[in-house]
Amino acid sequence: MNQLQAKKAFVTGGTRGIGKGIVLALARAGADVAFTFRSSVSEANDIKIALENLGVKALPIQCNAASIDETQKAVDTAIDFLGGLDIVVNNAGITRDNLLMRMSEDQFNEVIQNNLNSVFNVTKAVMRQLLKQKSGSIINISSVVGNSGNPGQANYAASKAGMNAFTKSVAKELGSRNIRCNAIAPGFIATEMTEVLDQEQVAKWMESVPLKRSGSPEDVANLVVFLGSDSSSYITGQVINVCGGMQI
Ligand code: NAI
C-alpha cells in the first residue's frame with residue numbers, strides 16, 4: 001500500500017484522464033506529488049485537496065509543457081516544494097487527427113511540440129537534480145500506435161515513436177547514474193481524449209482486443225506506480241504495453 005512512501009513525484013497534465021489517474025495512484029501509494037495543468041484551475045485545486053486528504057503533499061503548477069522556459073520554472077518550483085525528485089511522469093499529450101492528405105503543417109507541428117518537445121523539455125529540466133541525487137525514474141506515456149502507426153494519426157504516431165526512441169536513448173545515457181527511463185504504451189483507454197470518437201467504431205475495435213474492453217486510467221497508473229517504485233529497479237529502456245492484448 002505504501003510502496004512509494006517518501007517518494008517525490010512530478011507529473012505533467014495531471015487534471016484529467018490518465019494523468020489524473022496517475023496523480024491519484026501515486027498519492028495512494030504514499031508519494032508527494034507536484035503536477036502540472038494548462039488551464040483547469042478549479043480541477044487542479046480539487047485534485048490538490050483530494051491528494052492532501054490522502055495524507056501526502058500536493059502542488060498543482062500551471063505550465064505549458066511545450067514551453068521549455070515554463071517547464072524549467074515548473075520543475076524548479078516542484079523540486080523546491082518536494083525537496084527532491086524520484087519519479088517523473090511525462091503524461092501531457094494531445095491529438096489532432098486527420099488523414100495525411102488533409103493534415104496541415106500546424107496540426108503536425110502542434111502534436112510534435114506538445115507530445116515530444118514536452119518530453120525533451122521536462123527531461124532536460126529534471127536532469128540536473130536526478131544526476132545530483134544519482135537516482136530517479138522517468139516514465140513516458142507513449143502509445144501502441146508509436147509502434148504500429150495508425151491511419152489518421154501520422155503526427156501522433158510519429159510523436160510517440162519519437163518518444164520511444166528518446167526513452168531508450170535516455171536509458172542508455174543515464175543508466176550508469178542510476179537513472180531509469182521507461183515508456184508505457186497504452187492501447188485504448190477510456191478518457192476525455194477518446195470520448196470524442198465514434199462510440200460504434202470504438203465498440204468494433206474492442207471486439208478485436210483479446211480482453212474485450214477498453215482500459216481505465218487506473219490500468220495505466222498501476223504500472224506507473226510499479227515503475228516508480230524500487231520493485232522495478234532493474235527495468236530501464238523498455239516500452240511496456242498496457243493494451244488488453246491489442247498489440248502482441
Ligand atoms: P486527455 O486529453 O484526457 O488528457 C491530457 C492532459 O494533458 C490534459 O489535461 C491536457 O490539458 C494536458 N496537456 C496536453 N498538452 C499539454 C501541455 N502542453 N502542457 C500541459 N498539459 C498538457 O488525454 P488522456 O487520454 O488522459 O491521455 C494522456 C496521455 O496518454 C497522452 O500522452 C496520450 O497521448 C496518452 N495515451 C492515451 C490513450 C487513450 O486511449 N486515452 C492511448 C495511448 C496513449
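The values are calculated or read from the model by the stated rules, or taken from the named source; none is laboratory data. Every value quoted in this text rests on a predicted model; they were computed, and no experiment measured them. Glycine also receives a Cβ, built like all others from the backbone with ideal geometry; neighbour counts cover every protein chain displayed. Surface areas here come from the heavy atoms of the whole protein model, side chains and all, with no ligands, DNA or RNA. Shrake-Rupley method; radii C 1.70, N 1.55, O 1.52, S 1.80 Å.
Note on region 114-174: Kirkwood hydrodynamic radius from all Cα pairs is 12.3 Å, rounded to one decimal. Quick one: check the C-alpha center-to-center distance for region 109-185 versus region 54-101, whole angstrom. Cα centroid of region 109-185 versus Cα centroid of region 54-101: 13 Å apart.
Taking Lys and Arg as +1 and Asp and Glu as -1, the other residues whose beta-carbon sits under 11 Å from that of residue 56 total +3. Summing +1 for each Lys or Arg and -1 for each Asp or Glu among the other residues whose beta-carbon sits under 15 angstrom from that of residue 118 gives +2.
With Cα atoms as the point set, the radius of gyration and Dmax of the chain evaluate to 17.1, 51 Å.
Lysine pair count for the chain (Cα-Cα distance under 19 Å; residues 8 or more apart in sequence or on different chains): 28.
Diffusion of region 1-46 by Stokes-Einstein, at 20 °C in a medium of 1.002 mPa s and with Rh set to the Kirkwood radius over alpha-carbon pairs, works out to 202 µm²/s.
Kindly report the accessible area of region 49-147 per residue (heavy atoms of protein chains, probe 1.4 Å, no ligands, DNA or RNA), in Å².
Ligands and nucleic acids excluded, the result is 48 Å² per residue.
Sorting the Cα pairs of region 180-222 by distance into bins of 10 Å, from 0 upward, gives 25, 52, 19, 4 percent per bin. A Förster radius of 35 Å combined with the Cβ-Cβ distance from residue 173 to residue 202 puts the calculated FRET efficiency at roughly 0.35. Within the shell defined by Cβ-Cβ distances under 12 Å, the residues around residue 17 carry a net charge of -2, with Lys and Arg each +1 and Asp and Glu each -1.
Relative contact order, whole percent, for the chain stands at 21, derived from Cα pairs under 8 Å and 6 or more residues apart. Summarise the accessible area of region 1-56 (1.4 Å probe, protein heavy atoms) by the percent that is carbon and sulfur. After summing per-atom areas, the C and S share lands at 47 percent. Take each peptide in 194-204, 208-218, count the other Cβ atoms within 10 Å of every residue, and average; sorted highest first, the result is 208-218, 194-204.
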